[in-house]
Amino acid sequence: SIAINGVCLTVTEFDQKTAKFGLAPETLRRSNLKFLKAGDPVNVEPSLKMTDRNSGHYVQGHVDATGSILKKEKDGDSLRIRIGKVPEELMPFIVEKGYIAVDGTSLTVTAVDTIACWFEFMLIAHTQKAIIVPKKPIGGAVNLEVDIMAKYCLTSVNQTIMALRKEVSWVKKILGVSLLATACAFAFASQKRRQ
């Protein structure tokens with residue numbers, strides 16, 4: 001497996017200068033690979049082995065969607081980049097000081113606007129030279145992969161809430177039956193006393 005712009009792909013053929021990959025329709029729908037032309041620069045990164053040192057964030061190469069570069073602004077020798085047109089359903093997973101993979105590069109989020117669906121990150125001088133994102137134009141498409149741990153966490157919380165709602169619904173039904181039974185017993189006892 002090799003990640004191209006952050007998309008985990010399987011090499012189907014290769015030689016000294018080229019490699020070929022099979023791309024599923026799902027990969028093309030979710031990524032910027034559909035826009036590539038022969039000769040376009042890409043980020044290329046081999047997969048880590050499970051025994052390799054992971055000194056950063058969990059990035060799987062399972063791209064969620066694309067966003068667009070809205071703004072690039074120098075800040076000293078660093079570069080602040082704003083990514084917009086982020087699908088609304090990804091915004092709960094993008095938080096300030098959290099991380100996101102942009103074209104396969106794991107980056108710390110520095111600002112977020114969940115209403116306007118954009119986020120920002122900064123690139124140090126070294127990273128600017130090592131990846132393709134700073135070379136892309138305003139409006140250029142980038143692949144986005146949000147934090148998988150945040151996805152698992154939100155799914156777990158949502159499942160717990162659903163289970164609690166079912167339990168509360170069940171308890172309400174029992175309480176309703178109990179109250180009805182109590183009311184009936186009270187009415188029956190009251191009627192007996194009157195006789």
Counting heavy atoms of the protein chains only and a 1.4 Å probe, report the per residue accessible area for the stretch 58-120 as a whole number of Å².
47
Starting from the Cα-Cα distance between residue 160 and residue 89, subtract it from 0.36 nm times their residue separation and give me the gain in nm to one decimal.
23.6 nm
By how many degrees, 0 to 90 and rounded to 10, does the Cα axis of helix 148-194 deviate from the longest principal axis of the chain?
10
Probe 1.4 Å, all protein chains in place: accessible area of residue 68 in Å², nearest 10?
20
Report the label-to-label distance for residue 125 and residue 111 in nanometres (one decimal), using points 7 Å from each Cα along the Cα→Cβ vector.
2.4
Which of 129, 17, 37 moves the most in a Gaussian network model of the chain with Cα springs under 10 Å?
17
Is there a pair in 97/166; 37/74; 37/72; 17/49; 37/71 whose C-alpha atoms are over 31 Å apart, and which pairs would that be?
97/166
Please list 3J(HN,Hα) in residue order for the stretch 132-146, calculated via the Karplus relation 6.51 cos²θ - 1.76 cosθ + 1.60 where θ = phi - 60°; whole Hz, with x for glycine and proline.
8, 3, x, 8, 6, x, 4, x, x, 7, 10, 7, 10, 10, 7
Which three extents, in angstrom, do the Cα atoms of the stretch 1-111 have along their principal axes, listed largest first?
42, 34, 32
Starting from the amide H of residue 63, placed 1.01 Å from N in the peptide plane, find each other amide H under 5 Å away whose residue is 5 or more places distant or on another chain.
8
Which is farthest toward the positive dipole end of the chain among 118, 66, 164, measuring Cα position about the Cα centre, with Cβ charges +1 (Lys, Arg) and -1 (Asp, Glu)?
164
Of all accessible heavy-atom area on the chain, the percent that carbon and sulfur account for (1.4 Å)
60
Please compute the Kirkwood hydrodynamic radius of the chain from all pairs of different C-alpha atoms, in Å with one decimal.
20.2
With r as the distance between the Cβ atoms of residue 26 and residue 58 and R0 = 22 Å, compute the FRET efficiency 1/(1 + (r/R0)^6) and round to 0.05.
0.60
With N set to the number of residues, divide the alpha-carbon radius of gyration of the stretch 12-59 by 2.2 N^0.38 Å and report two decimals.
1.45
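The values are calculated or read from the model by the stated rules, or taken from the named source; none is laboratory data. For clarity, every value in this text was computed on a predicted model and none was experimentally measured. Glycine also receives a Cβ, built like all others from the backbone with ideal geometry; neighbour counts cover every protein chain displayed. SASA here: full protein model, heavy atoms, side chains in, ligands and nucleic acids out. Shrake-Rupley method; radii C 1.70, N 1.55, O 1.52, S 1.80 Å.
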